[in-house]
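Participant: Take this structure, written in structure tokens, and hold onto it; I'll ask about it next.
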Amino acid sequence: MGQLSSGEAVGLRSKVRAQNIDGNDIWYLLRDRPGWVAARYMKNTGDVQWAGGATVSVGADADTAG
């Protein structure tokens, strides 16, 4: 298990629906390091593919909580 710094930019490979954290059940697979992170703690600034293929465009606040 690792840790991300507040405001740190990280690449996201894909997303899935999983455990609900404070009303948000999206989890992101990190692109450049092993691990997953709950969307509850991320600010999404672009498109992230659903695991399995289709690209879904999200607004700056659609998959985030902050």
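The values are calculated or read from the model by the stated rules, or taken from the named source; none is laboratory data. Everything numeric in this text was worked out from a predicted model, so none of it was measured. Note that each Cβ is placed from the backbone with ideal geometry, even for glycine, and that neighbours are counted across all protein chains shown.
Participant: Residue 14 - would you say it is modelled with pLDDT of 90 or more and among the small types (Gly, Ala, Ser)?
Facilitator: Details: modelled with pLDDT of 90 or more: yes; among the small types (Gly, Ala, Ser): yes.
The answer is yes for residue 14.
Participant: In addition: Filter the range 2-17 for residues that are in contact (Cβ under 8 Å) with a residue 12 or more places away in the chain and not charged (D, E, K, R) and give the result.
Facilitator: Of the range 2-17, the ones in contact (Cβ under 8 Å) with a residue 12 or more places away in the chain are 2, 4, 10-16.
Result: 2, 4, 10, 11, 12, 14, 16.
The rows are residues; the columns are (1) touching a strand residue (DSSP E or B) at 6+ places or on another chain (Cβ under 7 Å); (2) surrounded by 10 or more Cβ atoms within 10 Å (Cβ to Cβ).
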position: 6; (1), (2): no, no
position: 20; (1), (2): no, yes
position: 26; (1), (2): yes, yes
position: 30; (1), (2): yes, yes
position: 34; (1), (2): no, no
position: 40; (1), (2): yes, yes
position: 44; (1), (2): no, yes
position: 51; (1), (2): yes, yes
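Participant: Another one. So which residues in the range 5-22 are over 18 Å from residue 52 (Cα atoms) and assigned to a loop (DSSP other than H, G, I, E, B), if there are any at all?
Facilitator: Once the filter is applied, which keeps residues that are over 18 Å from residue 52 (Cα atoms) and assigned to a loop (DSSP other than H, G, I, E, B), the range 5-22 yields 5, 6, 7, 8, 9, 10, 22.
Participant: Still on this structure: Would you pick out the residues in the range 43-53 that are modelled with pLDDT under 90 and either under 13 Å from residue 6 (Cα atoms) or in a strand (DSSP E or B) (or both)?
Facilitator: Across the range 43-53, the qualifying residue is only 43.
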